[in-house]
Amino acid sequence: MFTSLYNLAHWLTRNPQEADDLLQETYLKALKGFESFQQGTNFRSWMYRILRNTFLTSRTGLNSKMTEPFDLEDGSTTPAEADTPETLLLARADQQLVQDALERLPVPFREIILLCDIEEMSYQEIAEALGVPIGTVMSRLSRARKAMRELIAVKVRGTAK
Amino acid sequence: MSCDWSAKLDRYVDSELPAGELTEFQEHLLGCPKCAAGVLSRLQLKHVTRSAGQRFRPTPELRQKIEQSIGARSGPSRNGPSWLRRWVPTLAMAAVLALMLASTAIWLRYARGEQAVGELADLHVATLASANPVDVVSTDRHTVKPWFQGKLPFTFNLPELQNSAFKLIGGSVAYFHQSPGAHLLFELRKHRISVFIFRNGGEAGWPNPGSAPSRDLTFSSESWTEGGLRYFVIGDCNRADLHSLTELLKSAARS
């Protein structure tokens, strides 16, 4: 979990020094607030929630809230149109290209993709970690993936020219 | 044009579609190229994201620094007795280390479980690929069960399948982490389902009880422990059908 939390911290802050500080503060807060952890609930979600809240109140987190649309509208689900050309583009996406696309996503999109696809959390766990209803998890995830696919497609088309 | 299922593609690739809708959706996929392409592109995206996202690793120095800072920050209470003040940093650090160890232990157990699923899935696939998948060929449980006498250090019950859609094909002895066990092969329509039964205990990994298989795996599987035996069922049928066989096996084990 230590490695996993660090990976998430680094993806959020995009800076090794800030990731170190964020992780350190997360563990300190977890220790301090361990009494608030309810036995039987998800420990991983609880730790991630602390990490995320700590990030959002940090300088980088506050900056990201000011420069990126953090409270993204979660009202409607807009499923991405998936077609064969898109699957071909994804097949050509290399690791660096995917990492670039992930970095360019707004924080709410980036974190939900990280939690679902890398941490393999269930929708329920993600809802607990982000403190949002499960419906919001589904709609945000759908839009985050659509944004990610579009970023990758633009990059692949760009490099193909 | 998008069909009614297009909004549920993400839920499907994330294994979050309710069991009731899963069968219906899988049948729909066979006749809807648009949804099939949507599922494919989502699976591709999940795959590339997973490998690209595991990118940053903490240094050993950071781990050490955090352990030390936790000990120092949570320092002695000024109001408590002196022995308590002396032990608070140590206790705090021990608590955090216990947390880290617990989370690591849980993760290791989970990882071993995932690995075990992979190994048993390999056994299942190897059996299907074999020209002689079973050593005892019989649809009669009263023939298959006695065949294992003297071959295994335990015995088990097989369910009555007369009023069900399942058919027993036969069985063979399987080995998993140097332990002998029963490998039974069932058939449901054209689907082959393997049931592995091993003795409980030992340190070897075993699929996490009640857990779903890895999301990339297209097999359905279930694992549980009953009467000192470990059961693992795997097949390419849908989860609801697999669960029906699981219930029959559980019922037989209790009888």
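The values are calculated or read from the model by the stated rules, or taken from the named source; none is laboratory data. It should be emphasised that the depicted structure is a prediction, and the values quoted were computed from it without experimental measurement. Positions of Cβ are generated from backbone atoms using ideal geometry, with glycine treated the same way; all protein chains shown enter the neighbour counts. SASA here: full protein model, heavy atoms, side chains in, ligands and nucleic acids out. Shrake-Rupley method; radii C 1.70, N 1.55, O 1.52, S 1.80 Å.
Scan the range B:130-148 residue by residue and report those that are of a type in the set (Asp, Glu) and either open to solvent by less than 20 Å² (accessible area, probe 1.4 Å) or farther than 18 Å from B:PRO159 by Cβ (or both).
In the first step, residues of the range B:130-148 are kept if they are of a type in the set (Asp, Glu); the result is B:135, B:140.
Once the filter is applied, which keeps residues that are of a type in the set (Asp, Glu) and either open to solvent by less than 20 Å² (accessible area, probe 1.4 Å) or farther than 18 Å from B:PRO159 by Cβ (or both), the range B:130-148 yields only B:ASP135.
Tell me, which residue of the range B:24-58 that is open to solvent by less than 30 Å² (accessible area, probe 1.4 Å) and outside any helix (DSSP H, G or I) is farthest from A:MET1 (Cα to Cα)?
Residues of the range B:24-58 that are open to solvent by less than 30 Å² (accessible area, probe 1.4 Å), as a first pass: B:25, B:32, B:35, B:37-39, B:41-42, B:45-46, B:48-49, B:52-53, B:58.
Okay, now just the ones that are also outside any helix (DSSP H, G or I), so B:32, B:58.
Working: B:CYS32: 40, B:PRO58: 11 Å.
Residue satisfying both the conditions and the ranking: B:CYS32.
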(request) Consider only pairs whose beta carbons are under 9 Å apart and that are at least six residues apart or on different chains; among these, list those whose first residue lies in the range A:4-17 and is of a type in the set (Val, Ile, Thr) and whose second residue is at pLDDT below 85 and open to solvent by less than 20 Å² (accessible area, probe 1.4 Å). (result) A:THR13/A:GLY61
(message) Taking the condition of being away from every other protein chain (no Cβ under 11 Å), outside any helix (DSSP H, G or I) and of a type in the set (A, V, I, L, M), how many residues in the range A:106-141 meet it?
(response) 1
